[in-house]
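Read the structure below first, then the notes.
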Amino acid sequence: MKRLFPITPALLCLLGGLSIAVVEAAAPADPPAKTEAAPAASAAQVNTFNRLMTPKSDRNQPPPLDGIHDPEGPGTKTLQAPRDAFSALPKSSGGNYVNWVQALKDKAINPRYDRLNPKEEPMIMELDIVREVKGFMPDVVYPHDRHTQWLDCSNCHPDIFVPQKGANTISMAQILMGQKCGVCHGKVAFPVSECRLCHSKKKDQALLKK
Ligand code: HEC
Ligand code: HEC
Ligand code: HEC
């Protein structure tokens, strides 16, 4: 008998992995749906750099176990475990599960803007950049204010973004590969799973129907 589609175990695995990725992205709080094609072990290893897949028990591990700090380093064991440090901060549904924007607003944290000068104040810029997105996803609003509270202009300009509205091509594929917004989002800022934080501007319904 001839098979129409040669479905290899690797392809099944990929399909299973993809379906889990979609479930996780849509509802980060729910445990991933179990499908026969995707063993739990392989699902846990997908895209861990973007921290979309971390099972609850592995989140915010103590420094010697987090895979970032050198477990042999003399300072590693003296660092406060993030689970303790973060327990009093406002929660979010992704990344390291802290809403850092809210934490700063509530003055729950008081980060130093300059490592050497405790009196240095950030230069906050109030400028939103709207990037129109083709298709059904809401448009992206890039807020300068919530970035310049933490970052210097030179962290982004000109190496990541030319400072001119529309001069940069940005795509989800680049972001997932750790470029453009993905230089930070998924690494040191909230991850790509939080679609609505970036895609926050509803489209004009009348325009959508045309
Ligand atoms: C986290 C990254 C980031 C930081 C930090 C940042 N910007 Fe931007 N900036 C952007 C992005 C993204 C755009 C939009 C580029 C585009 O649309 O192609 C932009 C656009 C601009 C523009 C163009 C505006 C226009 O209407 O054409 C100017 C000017 C600008 N930024 C100045 C600054 C200044 C001054 C600072 C520091 C106070 C700063 N930016 C900090 C990411 C950043
Ligand atoms: C860190 C911010 C950020 C997050 C989080 C984010 N996006 Fe995007 N997205 C963008 C930017 C920026 C663009 C490019 C817009 C443009 O064309 O200038 C984009 C573009 C898109 C596009 C247009 C086609 C493409 O691939 O570029 C789609 C569809 C999309 N995003 C879907 C999603 C979905 C679904 C999620 C959640 C799983 C998501 N995005 C999360 C910033 C984000
Ligand atoms: C140089 C690092 C960096 C880059 C590049 C960057 N961001 Fe951010 N972004 C941050 C940090 C840090 C925060 C604040 C901490 C957090 O929310 O996780 C933040 C916060 C935000 C917020 C505020 C979310 C809220 O809770 O209000 C939005 C929206 C956002 N980023 C969108 C984008 C988009 C869209 C891009 C690309 C055009 C981008 N960022 C590029 C570092 C960056």
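The values are calculated or read from the model by the stated rules, or taken from the named source; none is laboratory data. Keep in mind that this is a model prediction, so the values were computed, not measured. When we count neighbours, we look across all protein chains shown, and the Cβ atoms used for this are built from the backbone with ideal geometry, even at glycine.
Observations
- For V140, the conditions (1) modelled with pLDDT under 95; (2) within 8 Å of ligand 2 (Cβ to nearest atom); (3) not aromatic (F, W, Y) all hold with the exception of (1).
- Where G135 falls short, out of the listed (1) under 18 Å from the mean Cα position of the chain (by Cα); (2) within 16 Å of ligand 2 (Cβ to nearest atom); (3) small (G, A, S): (1)
- As a summary of the residue check, V141 satisfies the conditions (1) without any contact (Cβ under 8 Å) to a residue 60 or more places away in the chain; (2) within 9 Å of ligand 3 (Cβ to nearest atom); (3) surrounded by 14 or more Cβ atoms within 10 Å (Cβ to Cβ) except for the one numbered (1).
- Test: residue in the range 81-90 that is in contact with a helix residue (DSSP H, G or I) (Cβ under 6 Å, 6 or more places away or on another chain) and more than 25 Å from M172 (Cα to Cα): yes
- The sole residue among A173, A167 that is among the hydrophobic types (A, V, I, L, M, F, W, C), surrounded by fewer than 11 Cβ atoms within 10 Å (Cβ to Cβ) and under 17 Å from the mean Cα position of the chain (by Cα) is A173.
- Matching option when the condition is of a type in the set (S, T, N, Q) and in a loop (DSSP other than H, G, I, E, B), among N155, N110: N110
- Subset of the range 74-115 that is in the same structural domain as V188 (by TED's automatic domain parsing) and of a type in the set (D, E) - its residue that is modelled with the highest pLDDT: D106
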